[in-house]
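Derivation of every value follows stated rules applied to the coordinates shown; laboratory data play no part. Owing to the predicted nature of the structure, the values given are computational and were not obtained by experimental measurement. Cβ atoms come from the backbone with ideal geometry, glycine included; neighbour counts cover every protein chain shown.
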Amino acid sequence: MRQLLFLSIKASPHRALRVALACLLGSAATGIAAPTGDFVLRDHIGREWRNECVTFALSPAQLAHAKAGHALRGANGPPLVYQLVSGTPPRIAFQTDLNPFETRAIRFAGDTGKPVTDLKIEEFADRVTLSNSRIAVTLATKLSEGGGPLLSVRLPSGKAVGGSSLRSPAPPTGYSATITARGPVFAEVVCKVVFVDSGTWEIKFQLQANEPVVCVEEVSAVTAPDVNFVVFPDSGLDADKLLYRTGKGQINQNKIGDIAPGEVCVLEPWLHWWERERQGPCLSLFNSAGEDVISFGAGWASRWIDPKIKWEEQANPRIFVKKDDQGLSMTFPLRKGQRQWIITALRKDAALEGFDEKDAFKSLLAYQYMTKHGQFPLDTVKDYVYSWKGDHDNYPRLLVTRKDVERFRKSIEDLKPYQGAIPQYVKGSQYKPKALNQFNMEAPITAYLATADAALGKHLGDATAAMMQRAINRVVLQPDMVFGAAPHHFQDIAASVLLADAALSNPEMDLALRERILGQIAFLGYTVARPDYWSTGRGFAANPNMTTSVYGYQTTIACAIPEHPLAAEWTKKGMAELKTMVDEWSDDNGGWLEAPHYAMAAADQILASFVMANNAGFNDYLYSPRLRIFLNWFSKISTPPDSRVKGWRHLPPVGNTYLQEPTGEFGIVAYLFRDKDPEFSAQMQWMHQQHGSFSYPGIGGGYPGFAGYRAMMVDPKLPSKPPAWKSELFPQTGAILRNIFPSDRETTLHIIHGQNHAHYDDDSGSVTIWGKGRILADDFGYYVPDRADHSMIESPVATGIMQMKDFKTSERLDYVRGIQSGWTRQIAFVKDTDPLGPNYFVIADSFQAPALAKWRLFFAAQNVTTDSQGAFVEGREDVDADVFFAAPVNPSLTTVPTTRTANYGLDPNGRPGKLDSTQIGLTATLEREKLLNVVVYPRLKTEPAPTFASLADGRGVQIKHLAGVDYAFLSPTPIKFKQDDVEFEGTVGAIQIRNGKPILSLGAAGRIAAAGKVLQEGSVSAVGPVNLLEGGDFESGKQSLLTEDTNQYNCTAKIYEGNPAKNDPNHKGKYCAVLHLRWKSGMTWPPRAIFIDPTKRYRFSFRYYTTTNMATQYGGYGNDSKGQAKDDMGRVWEWAVVIKGPTEKWETTETTLGPAGSGARWTWLPGLLSTGLVLRISGDENLTMYVDDFVFEEVDE
């Protein structure tokens, strides 16, 4: 407990500052009386507080006053209503007002004043009513059959509405309703229900004096399923209108909508703002012809979900409001955990005051009560620590230190440009100071740190106060955004702290202003650290970069006030999370889990946070090797120099990344590592220059990490050196195939793959291509396109994420292979030592079974003309390309000019804005083919076209060109080929004949020969039946075949080491899988479809063992090009087999599927593309079953 010191020092400002800062000790509003016996409240956040219920711990003397009934008063005010709250120590509760930035002392007087309360309790035989002048709630003291504790709510008109029921498989075995507080400040009743399985549920209803709000708290320990507390909110109200704030799209707009049968809306404490429009923490119901409104608000979000309790044992935090023939209902599931929510009764004219569809962003009255009681009650906010001992004149301290400022000032050769600009910063246009934000504060900050100009220093202080107040108002008052939602739209939280860092370095700053700024920084620290604001463990989170933003804000605040009592805790939490992101959200070569634009948003915040923590002495994460690997990823994936935007390199426009988006982050990285790692620094400086020395981390949004200080943290005089980038694999993100870097004639291909696929489109497996320094096939950038707008396969057999299976580089040949469900993409990059020589790509797309598909490659071209076996691409610059289909023969080719508008991009002059791009899509339409093999051959316009010839049934190609003759082989399965002196066995290889001499390369195990020269690597495995259930024997030691946890379907599947059937020594292998049911029935399945050829015969088998009573039906449905397959009679096609247990040993079950006449047990429908596999298990409760050796393979007739 700390006491508040009030200071009024009129000595020298410098001396006053030192004395004041030495004395700042305690919280501005604590839970204990000051030495005078006062209860002190002080507002630090500029908010008006009305009728707030606050509590304080009592000293013995104060307790004696309270027991004697002495009056409690503010200065010259009337006596306040108060009541004692039991506990150790005992506390007092009273209601009070507090004005913005007011300090109010409340104390006991010697008299016994007679304050008036409007709170009443009425007790009856079967019910109790808590009421005040604005609302009443009636609760059951005895439950009726099927009834719930809540009987009714009285609205302002006097009408009683509502009701509730308890729905459970068996009626409760016990019930009590106990009055636990009788006023005069608040009254409350706790209702407790005991269920047949000894599960319990307590619900507390609290009513405060003169508040139109019933506060509800629930504590539940119910384990049985299907137990629900159902509230009927409009019984007696007949609501036909819903007042809500939009929960999707342009969120937080006030709207009024009709109430129709079905789902009306969803109440939840933390808005998942991508789910529904009618969803959020507050909803209001009314009849359009009536005069009342009843409102429900969900508060204290973190209490609705407990990370320590298993997800399946907790209730869904979404409360569904539905309408049926019986009226409206709100279903509160009862499981384990807690909830807090409120019921508010308002007059309709008051509830709708301020509603305006044209001015929809404001918090109306019901929403204000939700924030008052469920997010920011004064009783919580008053106990924050707003002042503390510390080195409060040691600023700046975040991104730059006082030593950095001294060095910066010494480096300035001419102060006049800085000095000359100061008047416009201080006076602004028409002599009105300009409000500062993260986008315009850099120049004033730099000028102040260069000159220490007094007028500019005062302006920065005033601007900080204004900017920080705006940030606080948005968080607390929520005019345009829900608390916790979209934290990337709250960047002023961090930016205002960064502005404060410069402003607080002014030794002449007014003491009151300094104290206000420091206190508000602390308030923001408490706010963003709250799990109600953001909590990944509770599911209160969205895109990864938003989580990065939150912990970046938290770290920025903590490092700005490192001596605050909670700063170390905030920093530890924030830095641990950010360090984990670097370690776990990037793959082993730095590839980030989000698209480059959003990855840079995260990188900027992480890098800035690491700088601040390093300057504050908290840690040295800034220099961790993993961070450098992550930052290097942006360099490695940067495009060749692009003539479309000043010849700059930029981030590739893949996923949700803007068109032609450069980054200035390399310059900051070069500056930060100039002493620690000069080689790395020089490479970053070179890439910074290649990106046009861009001044910002990206385009199309804010980047608050280094806001205000970037100019000071970039040095154009640092040495630069190009890195020696070659082809690179980013194991979970993508791959780059490139040749001869750096040059102005780079040929590259970027393929997207891997689990790091957040903020991307449906584009895994797509490619972008540059040929001889010119863009050939680009992405359209960030505008949420569909799969058809990407250079890839579109087919029912190609879904989900492409996983890279092979990557190999050599001097003359690079190779990648990835698989996406039933589609395999292989790419061979044949390279020359001359960037203008034959550097080209062979792309093979194959399918697990013959498939309907469209193959697309979008060309940034002047024109694309097709012929019987390919196309000619007329480039927009000095490079063309030839496209040759080695397979299939006579493909069905079309071209379609396609224009898309990216949300943002840089035009040729480097100006940002919406940007159109037009490409010509070359499309090959396939009718149940198994293989495409395509050559993309870039060449100068002055170079004659090569000639192509298909080899090895389209799995190879011969190319004759000016430099000689090439043979390229690419096949999904091993092949053998011999023609004259050319031989090949394997899946990927190339022969380059130069000056009559062969150059041999292999991309995988195989043998290749030409002109008497032989290259062999490894041995080629014989081709046998392919098990379509990869990992079915579990011998990798991982269980990836079956869904790990089917949640509501009650089944888990985990790896098991050893043989559970001890009496059966015939089990093969070290591992199997164990299935466990949480109840008596459940289901599990592989998450991937099984793609089949309906003209072929297949065998499915697996082994199983269980000691419990069990019946399992396994089988699946089928899908064709239209969806779920049906026979001629319209019946859904399926196959199914039943097995039973217990078993004495491992048993094998097997069945066959094939076309009509194949003799298979199950007959494929013609046109089937895939089938599935589901195991439906039933038996003893908590059944355990072991499974192994799943095989689904093609077999001979």
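Taking the Cβ-Cβ separation of Phe872 and Ala949 as r and a Förster radius of 25 Å, what is the calculated FRET efficiency to the nearest 0.05?
It comes to 0.90.
Given Cα pairs under 8 Å that are at least 6 residues apart, what percent is the relative contact order of the chain?
Result for the chain is 5 percent.
In degrees, nearest 10, range 0 to 90: what is the angle between the Cα axis of helix 13-23 and the longest Cα principal axis of the chain?
90 degrees
Taking the alpha carbon gyration tensor of the chain, what are the square roots of 5 times its eigenvalues, largest first, to the nearest whole Å?
Values for the chain, descending: 60, 44, 25 Å.
Per the helix-only calculation at 222 nm, which mean residue ellipticity applies to the chain, given -39500 (n - 2.57) for every DSSP H run of n ≥ 4 and division by its residues, nearest 500 deg cm²/dmol?
-5500 deg cm²/dmol
If we sort 793-805, 941-953 on the protection proxy, mean other Cβ atoms within 10 Å, highest first, what's the order?
Ranking, from highest mean packing down: 793-805, 941-953.
Can you give the extra length, in nm with one decimal, that the chain gains between Ala421 and Asp786 once fully stretched, where that is 0.36 nm per residue apart less the Cα-Cα distance?
126.5 nm
What does the charge add up to near Val190, with Lys and Arg as +1, Asp and Glu as -1, over the other residues with Cβ less than 10 Å from its Cβ?
My count for the surroundings of Val190 gives -1.
Report, to the nearest 10°, how far helix 365-374 tilts away from the longest principal axis of the Cα atoms in the chain, using its own Cα long axis and a range of 0 to 90°.
90 degrees
Setting aside same-chain residues fewer than 8 positions from Lys1013, which aspartates and glutamates have a Cα under 14 Å from its Cα?
Partners found: Asp980, Asp981, Glu983.
In whole percent, what relative contact order does region 120-381 give with Cα contacts below 8 Å and a gap of six or more residues?
17 percent
Which value in nm describes the separation of the simple spin-label points at Leu1015 and Ser144, placed 7 Å from the Cα toward the beta carbon?
For the pair Leu1015/Ser144, the computed spacing is 8.7 nm.
Exposure proxy check: Thr1108, Thr1052 ranked by fewest other beta carbons within 10 Å?
Thr1108, Thr1052
For Val85 and Glu1181, what is the calculated FRET efficiency with R₀ set at 56 Å and r taken between the beta-carbons, to the nearest 0.05?
Result of the calculation: an efficiency of 0.75.
To the nearest 10 degrees, how steep is helix 544-560 against the longest Cα principal axis of the chain, on a 0 to 90 scale?
50 degrees
Rounded to whole Å and sorted largest first, list the principal axis extents of the Cα atoms in region 1144-1197.
41, 21, 15
Cross-link candidates for Lys308: which lysines have Cα within less than 17 Å, leaving aside residues fewer than 8 places away along the same chain?
Hits, sequence-local ones excluded: Lys336.
When a/c is below 1.5 the answer is rounded, else prolate if a/b is larger than b/c, else oblate, so apply that to region 733-958 with a ≥ b ≥ c taken from the square roots of the Cα gyration tensor eigenvalues.
rounded
Find the all-direction average of the projected area of the Cα convex hull for region 39-158, expressing the result in square nanometres with one decimal place.
Projected over every direction and averaged, the Cα hull of region 39-158 covers 10.7 nm².
Taking N as the number of residues in region 120-381, what is its alpha-carbon radius of gyration divided by 2.2 N^0.38 Å?
After normalising by residue count via 2.2 N^0.38 Å, the value is 0.96.
For Glu442, Glu563, which order do you get if you count the other beta carbons within 10 Å of each Cβ and list the fewest first?
Ascending Cβ contact count within 10 Å gives the list Glu563, Glu442.
Quick one: check the C-alpha center-to-center distance for region 815-833 versus region 1123-1144, whole angstrom.
Centre-to-centre distance over Cα atoms comes out at 37 Å.
Cα centroids of region 64-113 and region 313-348: how far apart, whole angstrom?
First find each Cα centre; the distance between them is then 36 Å.
Calculate the translational D of region 402-713 in whole µm² s⁻¹ from Stokes-Einstein, where the hydrodynamic radius comes from the Kirkwood formula applied to all Cα pairs, the temperature is 37 °C and the viscosity 0.692 mPa s.
164 µm²/s
Excluding residues on the same chain fewer than 8 positions from Lys1070, give the lysines whose Cα lies under 27 Å from its Cα.
Lys805, Lys1038, Lys1054, Lys1062, Lys1140, Lys1145
As a footprinting exposure proxy, order Trp592, Trp648 by other Cβ within 10 Å, with the fewest listed first.
By the 10 Å Cβ count, ascending, the order reads Trp648, Trp592.
Rounded to the nearest 0.05, what FRET efficiency do Leu1165 and Ser1081 have when you use their Cβ-Cβ distance and R0 = 30 Å?
0.55
So what's the gap between the Cα centers of region 836-901 and region 1045-1115, to the nearest angstrom?
44 Å
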